Amino acid sequence: MPASSLRHRPHSAPHAVGLLLAVLALTVACTGVPAAPDPTDGTGSATVDAGATPDPPSPSTDTASPAPASAPATPTPEAPDPAAIRTVDVTSLPWQWFENHHTTQPVDLGAPDDVGRTYTVGEPIYSDADGDGLEDLAVPIAQTDGNGYREQWHIWLAVADGEPLQVIAPIASTSRCGDAITAVEPTAGGFAVRELLREPIIDDHLDCATPGTFAVDRGVAVTHDGELTYPVDLADPRGWGGVCPSLPRTETGVVTVWAAAGPDVRASLTIDGEDLFVAATHPHALTEGTEPMVLVAVWPPDGSYLDRLCVWVDPDRLTGAGE
């Protein structure tokens with residue numbers, strides 16, 4: 001309807017309301033149902049009883065349906081106890097004695113081996129060496145062979161759902177007429193090792209009961225490198241964390257080095273073409289069996305051999321393009 005038509009019918013709304021009420025009254029009278037009170041005052045305006053309580057509003061039919069109840073959370077396995085390895089009896093573990101990187105042999109702590117050597121295990125110490133939130137242990141195992149005596153410290157890694165895993169390469173070693181461990185202690189991130197290493201020629205005058213003169217303080221952690229697991233230098237994980245002998249006091253030069261922290265050709269490169277001083281370490285039974293890899297000590301051109309980092313190199317990649 002045009003707006004002009006609305007302006008010319010100011011009384012049409014009251015008239016329509018009155019007519020509607022008359023029709024309703026007639027309908028009620030015919031059906032016998034009492035008529036509802038007139039909600040208007042005769043003028044078409046609704047009246048309100050100030051003392052009446054209004055009816056509650058009817059529930060809306062437009063409200064959204066309630067969201068279905070969420071399913072209960074799937075239970076998760078209980079987190080492993082980070083100190084669970086402290087309950088392990090170290091004498092019950094499946095020990096392997098490390099001869100070199102090529103040869104290990106099972107150990108029976110309750111009986112001599114096939115050549116009469118006996119084995120004993122010491123007291124463990126604890127620290128998280130591989131950063132997985134679970135404490136690991138380090139513990140010495142000693143081999144006695146008549147007057148011969150060798151002791152190796154090994155790390156055993158905690159496994160959340162199984163038996164601890166021995167890191168086969170020892171982190172330190174003592175032997176008669178050889179190197180001597182003065183302390184192995186837990187430290188943040190692994191274990192601290194203090195040792196006195198024998199230096200050929202320099203220490204040849206010492207009797208077998210006297211430790212060497214090359215003092216080393218270092219930290220040891222453990223890395224997982226693909227299928228490999230081995231100890232690394234805690235302060236500089238580019239380097240080896242196992243037994244590292246002394247090195248000759250000879251002149252050396254700066255060469256380009258490609259090296260790994262682990263004694264395996266599959267180990268990831270941790271030094272990739274850096275110019276460093278390099279010196280091969282003295283031959284040692286516990287560093288054999290890694291061909292073609294060789295254990296060397298490296299240090300920066302402006303540094304000292306006392307700041308050495310022990311790494312494994314393929315001699316063919318010491319100099320040249322590192323192809």
Legend entry - Among 295-306, 84-95, the order from most to least packed when residues are scored by Cβ within 10 Å on average: 295-306, 84-95
Inset, instruction - May I ask you to derive the FRET efficiency for THR104 and HIS224 from their Cβ-Cβ distance with R0 = 22 Å, giving the value to the nearest 0.05? - result: 0.70
Inset, instruction - Calculate, in nm to one decimal, what THR118 and ASP316 gain on full extension: separation in residues at 0.36 nm each, minus their alpha carbon distance. - result: 67.2 nm
Legend entry - Convex hull of segment 84-317 built on C-alpha atoms - directionally averaged projected area, nm²: 13.0
Inset, instruction - Extending each Cα 7 Å along its Cβ direction at ALA142 and GLU288, get the distance between those two points in nm, one decimal. - result: 2.5
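Read the figures in this text as sums done on the coordinates, not as results from a lab. All of these numbers come straight from a predicted model, not from anything done at the bench. Cβ atoms come from the backbone with ideal geometry, glycine included; neighbour counts cover every protein chain shown.
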